[in-house]
1. With a point put 7 Å past each Cα toward its Cβ, work out how far I118 is from S70 in nm, to one decimal.
2. Which pairs break 27 Å Cα to Cα here: K42/K63; K12/K84; K72/K97; K59/K97?
3. Consider just the alpha-carbon atoms of the chain and return their Rg together with their Dmax, both in angstrom.
4. So if I take the centroid of the Cα atoms in the stretch 62-127 and the same for the stretch 6-24, what is the distance between those two points in Å?
5. What does the charge count around G46 come to, taking other residues whose C-beta lies under 14 Å from its C-beta (Lys +1, Arg +1, Asp -1, Glu -1)?
6. In terms of the Cα gyration tensor, with a ≥ b ≥ c the square roots of its eigenvalues, is the stretch 49-124 rounded because a/c is under 1.5, prolate because a/b exceeds b/c, or oblate?
7. Find out how many positive minus negative residues lie around E11, taking Lys and Arg as positive, Asp and Glu as negative, among other residues whose Cβ is under 13 Å from that of E11.
8. Ranked from highest to lowest mean number of other Cβ atoms within 10 Å per residue, what is the order of the peptides 88-100, 33-45?
Amino acid sequence: MRKKLQELDHEKRYTFTGFVERPGKKRENNHWKPTLLLTNLKDIDGNRITDHIWINYTKGFRKLGLLTKSDKVQFDGRVDEYIKEAVIDRERNVVIKPPMKDYALVYPTKIKLLNNHIAKQPVPENNAEFLRYIGDVTHDLKRMKRYFSNGW
């Protein structure tokens with residue numbers, strides 16, 4: 001659990017900075033959604049909030065272009081509570097980690113790229129193409145293939 005996020009007022013927006021580690025994806029309602037792994041997340045005063053956090057790769061992040069490792073971003077966001085799914089070893093039918101409460105950052109706005117002033121490649125407009133790019137980056141295309149309906 002992210003204790004420092006838990007301590008923040010969930011109704012208030014805060015400014016954060018973090019470093020891009022890599023893009024990713026999550027499955028939500030039978031669809032894949034792009035995400036972004038940020039590391040060394042700090043508040044505007046430079047206080048460390050968490051070592052890493054996954055955040056939705058929203059239109060605001062997409063406007064910056066294809067973000068790469070070590071890009072420093074700044075954004076405003078709100079803390080939200082959720083239940084992290086259990087980790088289960090399906091072969092042995094054993095729960096490795098039970099479901100637990102955790103905290104995320106949601107509704108990012110005022111998104112800025114702080115450390116890279118070189119023009120970025122644009123993000124593919126088509127969501128399937130963007131997810132294909134993410135699969136290439138994360139070397140995970142095999143697992144994603146079955147979810148594409150465009151004849152892969």
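1. Rounded to a tenth, the inter-label distance reads 1.0 nm.
2. Details: K42/K63 22 Å; K12/K84 22 Å; K72/K97 32 Å; K59/K97 33 Å.
In this structure, K72/K97; K59/K97 exceed 27 Å between Cα atoms.
3. Just the Cα atoms of the chain yield Rg and Dmax of 16.6, 50 Å.
4. Going from one Cα centre to the other spans 9 Å.
5. Neighbourhood net charge equals +2.
6. Numbers: a/c = 2.94, a/b = 2.03, b/c = 1.45.
Because a/c hits 1.5 or more and a/b exceeds b/c, the stretch 49-124 counts as prolate.
7. Charge balance in the 13 Å sphere: 0.
8. The packing order, highest mean first, is 33-45, 88-100.
Read the figures in this text as sums done on the coordinates, not as results from a lab. Computed from a predicted structure; not experimentally measured. Note that each Cβ is placed from the backbone with ideal geometry, even for glycine, and that neighbours are counted across all protein chains shown.
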